[in-house]
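Below is one structure; the comments refer to it alone.
The values are calculated or read from the model by the stated rules, or taken from the named source; none is laboratory data. Model, not experiment: these values are computed from the prediction. Don't worry about glycine lacking a Cβ; one is built from the backbone with ideal geometry, like all the others, and counts go over all protein chains shown. Accessible surface is based on the protein model in full, side chains and every heavy atom, while ligands, DNA and RNA are left aside. Shrake-Rupley method; radii C 1.70, N 1.55, O 1.52, S 1.80 Å.
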Amino acid sequence: MLAYHDEEWGVPSHDDVHLFEMLTLEGAQAGLSWQTILRKRNGYRRAFAGFVAAKVARFDATKVEGLLADPSIVRNRLKIASTVNNAARILEVQRELGSLADYVWSFVGGEPIVHRYRSLSELPSETPESNAMSKDLKRRGFHFVGPTVCYAFMQATGMVNDHDVTCFRHRVHARR
């Protein structure tokens, strides 16, 4: 958890593969602990073809059934099916808008929103930006993308800087 915080959480990402991975993991986390998901992260990478959307979008019912027996991921049919569905939706977004990154970053005006929170109790679970992202993702046919999942995704991928103001990561990303 410490390494994830210190090296990845909140670092701005414009890589479509990484963004797909984080959207999937944040959706998978719903109802579970983030620590559980991080422990299964390598399993997710193996199971979902390194999060290459073009490969995952081709998964068929047989592949999904195989994933339901894979203990290295959360074996929830809806969450697995949503990853396959979302891969196909990502391909549509890429065709329409050029990249998943361009699309998701548009909800924050292309730059991280830098908050100045002093404690975890100040962190919201959703924002107007995450609500807008959720609404549009759902309109496009994405699943497991509620406003809270979208906000966690935005935090994880650096669209918002929610590091405590005393955290070294806040200072690093506040200078961008």
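A few remarks follow.
- Here the relative contact order of the chain, from alpha carbon pairs under 8 Å that lie six or more residues apart, stands at 30 percent.
- Residue ranges 57-67, 37-47 sort as 37-47, 57-67 when ordered by packing (mean number of other C-beta atoms within 10 Å per residue, highest first).
- Once the 1.4 Å probe is applied to the protein heavy atoms, segment 1-104 comes out at 48 Å² accessible per residue.
- Rolling a 1.4 angstrom probe over the chain with all protein chains present gives an accessible area of which 53% lies on carbon and sulfur atoms.
- Gyration tensor verdict on segment 84-162 (Cα atoms; rounded if a/c is under 1.5, prolate if a/b is larger than b/c, oblate otherwise): prolate
- Axis of helix 128-139 versus longest Cα principal axis of the chain: the two differ by about 20°, to the nearest ten degrees.
- Computed over the alpha-carbon pairs of segment 61-103, the distance histogram in 10 Å steps reads 28, 38, 25, 9 percent, short to long.
- Within the shell defined by Cβ-Cβ distances under 10 Å, the residues around Y44 carry a net charge of +2, with Lys and Arg each +1 and Asp and Glu each -1.
- Share of pairwise Cα-Cα distances greater than 15 Å in segment 80-128 is 62 percent (whole percent).
- Cα gyration tensor, segment 10-88 - rounded (a/c under 1.5), prolate or oblate: oblate
- Bins of 5 Å, starting at 0 and running to the largest distance - Cα pair percent for the chain: 1, 8, 17, 22, 20, 15, 9, 4, 1, 0
- Degrees, to the nearest 10: 77-97 long Cα axis against longest axis of the chain: 70 degrees
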